[in-house]
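First the structure, in the form of structure tokens, and then the observations on it.
The values are calculated or read from the model by the stated rules, or taken from the named source; none is laboratory data. All figures in this text were calculated on a predicted structure; none of them were measured in a lab. Backbone-built Cβ (ideal geometry, glycine too); neighbour counts: all protein chains shown.
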Amino acid sequence: MVSRPMCQPKRRGFQSRGSGDVRVSEGRVVVTGATRGIGRAVADAILERGGKVVAIGRNADLLEELHRQAEERVRTVVADLGDLEKMPSVADQALAAFGGVDGLVNCAGMAVYERAGAIQLESLEAQLRLNLMAPLLLSQIVAEHLRGRGGAIVNVSSTLSVRVAAGTAAYAATKAALNAVTKTLALELAPAGVRVNAVLPGVVDTDMVRAPRVRPGEAPPVGQELEARVEAQLEELRSRHPIGRLGRPEDVATVIVGLLDHPWQTGSLVTIDGGLSVA
């Protein structure tokens with residue numbers, strides 16, 4: 001009998017586009033909330049990998065700053081994603097910027113800290129629009145473009161979606177709903193080659209976290225009082241994380257890029273929180 005070597009599986013490797021094994025971060029990625037915090041860190045990470053970014057944000061000056069960083073690989077769309085009626089136009093601009101896209105990262109969001117009895121309809125609606133409705137509507141438009149071609153969507157949720165804190169009822173609810181959207185879209189879109197995951201950060205040191213939390217009827221602090229209030233607020237938040245510090249936008253961006261690129265991961269809610277959820 002002639003001995004035959006065992007057949008080795010053919011190594012496919014990552015391709016630029018058009019298969020289930022796409023390294024999406026090296027392709028064309030739409031990033032919402034791209035001018036600050038986690039969104040800016042995601043944009044920077046994609047550019048470092050040689051990818052192209054369609055940056056969506058409200059601040060035209062900050063978008064232009066990002067564009068100057070890599071003019072050939074950044075396109076910008078100035079938009080308030082809370083204005084849902086304009087979503088089709090925003091999506092059309094994003095899809096046309098580089099002649100198509102390979103991925104979407106929904107980073108744009110807002111948090112209004114209000115306790116029961118002080119929750120306002122206006123803030124509730126604003127958080128629902130930006131944190132839940134906008135990413136869902138944009139995702140379904142982008143998913144239709146990706147259908148059959150492959151690609152990935154990553155939503156930025158929060159540990160508050162599963163581990164609530166006082167004053168976050170509305171925000172936590174929108175992020176919990178975003179988790180459900182993530183899993184449902186992952187199930188529906190998997191046969192079309194589109195992966196959908198979410199990242200659940202703990203407290204990340206961003207402008208949103210540094211906004212002072214004031215009680216109902218309290219005047220916002222200014223000057224040295226503002227600085228002291230914010231530092232005390234940050235120190236209290238640090239103390240909740242066993243790892244001893246708040247997250248950095250770059251910490252979360254690394255996980256998001258991994259979710260964009262992993263060819264066999266979909267429907268996942270990935271926590272990155274410095275141990276907050278186990279404390």
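Observations on the model:
- Some residue of region 245-258 being in contact with a Ser or Thr (Cβ under 8 Å, 6 or more places away or on another chain), under 30 Å from G148 (Cβ atoms) and surrounded by 15 or more Cβ atoms within 10 Å (Cβ to Cβ): yes
- Restricting region 136-153 to residues that are touching a strand residue (DSSP E or B) at 6+ places or on another chain (Cβ under 7 Å) and within 12 Å of A91 (Cα to Cα), the residue that is surrounded by the fewest Cβ atoms within 10 Å (Cβ to Cβ): A143
- When S89 is tested against (1) at pLDDT 95 or above; (2) over 27 Å from A192 (Cα atoms); (3) out of contact with any His (no Cβ under 7 Å at 6 or more places or on another chain); (4) hydroxyl-bearing (S, T, Y), only condition (2) is not met.
- Matching option when the condition is surrounded by fewer than 16 Cβ atoms within 10 Å (Cβ to Cβ) and in contact with a Pro (Cβ under 9 Å, 6 or more places away or on another chain), among V214, V222: V214
- Subset of region 27-59 (residues that are in contact (Cβ under 8 Å) with a residue 60 or more places away in the chain, within 14 Å of the chain's Cα centre (by Cα) and within 17 Å of A152 (Cα to Cα)): V29, V30, V31, T32, G39, V42, A45, I46
- The residues on offer are R28, R68, R49, R40, and the sole one that is at pLDDT 95 or above and touching a strand residue (DSSP E or B) at 6+ places or on another chain (Cβ under 7 Å) is R28.
- P242, sole failed condition from (1) touching a residue at least 40 places away in the same chain (Cβ under 8 Å); (2) part of a loop (DSSP other than H, G, I, E, B): (1)
- Pairs with Cβ under 8 Å, 6+ apart, first in region 79-102 and in contact (Cβ under 8 Å) with a residue 12 or more places away in the chain, second of a type in the set (S, T, Y): L81/T32
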